[in-house]
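Student: Structure incoming, see below.
Only the coordinates and a few stated rules stand behind these numbers; no lab work does. Because the structure is predicted, anything quoted here is derived from the model rather than measured. Note: ideal-geometry Cβ built from the backbone for every residue, glycine included; neighbour counts use all protein chains shown.
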Amino acid sequence: MMPEDLRAISMLDWLENDLLLAIHSCEPASSDASFRRYFRIKVPNGQFIVMDAPPPQENVEPFIRIANLLTRSLVNVPTIFQQNLSDGFLLLEDFGSQCFLDQLNEHTAAGLYESAFDSLFKLQTNTPKLDSGLPVYDEPLLKRELAIFDDWFLERSLDITMPEPLRNTVHDILIASALEQPKTCVHRDFHSRNLMVLNADSPGVIDFQDAVIGPVTYDLVSLLRDCYIAWPERQVEQWMTQYYQRLLQADLINCDLDRFKRWFDLMGMQRHLKAIGIFSRLHIRDNKSGYLKDIPRTLNYVTAVCAAYPELAGFGRFLHEQVLPKL
């Protein structure tokens, strides 16, 4: 049952005394890599998810604003039934407990990814870029994200310092590639744990509150080179090429496949370096060590990209000679 903490007591008070809900049960539904928690409550006529986003660590306003934006884009995000901005509670539609990661296998992958591509295409084509109110994925943000890998994984976790010329070279290559891409709405965590399997209008899309306007390949590589599940590279390239053709036909891009693949590969590398740093930070700072098991898979994506691009060969050697032995 529910842990007896002050946030939980305050949440139940809001649900029962302000919203007048008759709570039959309240159980933890999930937590994520932030201070947010989620609870599943059952009432006489159904069930809901309650988001607990404690101020000042979390702010529910972006979630509400972007949920409304994506709903207008026909992306299936949870309906917000009630909100308590001062205390950081939201009463949400319950998408159930089955995410893509739970159901993905060689038999289900084609259908699940097809539905994910449809959802991503709606997000990219229906969400306005100019008046969305979303921040831009600009150079300062890209630099801050890359620094997470250097600070939390290399230095704090492994006690390794990357030579500054090498770091500058890698950062410059990745940032230039990201900034030259066409811009669309970017979910920023469009992967198997944030896509829920539904009976109708699947997938349900969650954890979108950090959305930005940014590189067209970001969410695609997040989905296909997922930190939590890996597919044969031939299959990844087939899916990538199919989606490339879709973007081309919609005039969202105007480039050949080789250039798109370079964008895809380098965008994935930027994202994976950030993810490795975040996994390390969760372990060191937040005592959330469950993500450490995903670092080898994620780092493998990085070394594979280094091997494919001569300008990243020096970084590849650095990883093989200094980083991998310490893992």
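Student: Quick one: which residue in Ala178, Ala200 is surrounded by fewer than 19 Cβ atoms within 10 Å (Cβ to Cβ) and of a type in the set (A, V, I, L, M, F, W, C)? Let's see the steps before the verdict.
Tutor: Numbers: Ala178 fails: surrounded by fewer than 19 Cβ atoms within 10 Å (Cβ to Cβ).
Step by step, each of Ala178, Ala200 is checked, and only Ala200 is surrounded by fewer than 19 Cβ atoms within 10 Å (Cβ to Cβ) and of a type in the set (A, V, I, L, M, F, W, C).
Student: Quick one: count up the residues across the stretch 253-278 that are touching a residue at least 40 places away in the same chain (Cβ under 8 Å) and assigned to a helix (DSSP H, G or I).
Tutor: Counting residues in the stretch 253-278 that are touching a residue at least 40 places away in the same chain (Cβ under 8 Å) and assigned to a helix (DSSP H, G or I) gives 18.
Student: On to the next question. Here are some residues: Leu69, Leu92. Which one is under 30 Å from Ser10 (Cα atoms), hydrophobic (A, V, I, L, M, F, W, C), in contact with a Pro (Cβ under 6 Å, 6 or more places away or on another chain) and surrounded by 13 or more Cβ atoms within 10 Å (Cβ to Cβ)? Walk me through how you get there before you give the answer.
Tutor: Working: Leu69 fails: in contact with a Pro (Cβ under 6 Å, 6 or more places away or on another chain).
Exactly one residue qualifies, and that residue is Leu92.
Student: Further question: Failed condition for Ser86, given (1) in a loop (DSSP other than H, G, I, E, B); (2) under 22 Å from the mean Cα position of the chain (by Cα); (3) in contact (Cβ under 8 Å) with a residue 24 or more places away in the chain; (4) over 27 Å from Ile229 (Cβ atoms), with all others met?
Tutor: Result: Ser86 fails condition (2) only.
Student: Continuing with this model, one more query. Just give me the residues in the stretch 283-294 being free of Cβ contacts under 8 Å to residues at least 40 places away in the same chain and assigned to a helix (DSSP H, G or I), in sequence order.
Tutor: Gly290, Leu292, Lys293
Student: Which ones in the stretch 119-140 are surrounded by fewer than 15 Cβ atoms within 10 Å (Cβ to Cβ) and either in contact (Cβ under 8 Å) with a residue 60 or more places away in the chain or under 18 Å from the mean Cα position of the chain (by Cα) (or both)?
Tutor: Going residue by residue through the stretch 119-140, those that are surrounded by fewer than 15 Cβ atoms within 10 Å (Cβ to Cβ) are 126, 128-131, 133, 135-136, 138-140.
Those that are surrounded by fewer than 15 Cβ atoms within 10 Å (Cβ to Cβ) and either in contact (Cβ under 8 Å) with a residue 60 or more places away in the chain or under 18 Å from the mean Cα position of the chain (by Cα) (or both): Lys129, Gly133, Pro135, Val136, Asp138.
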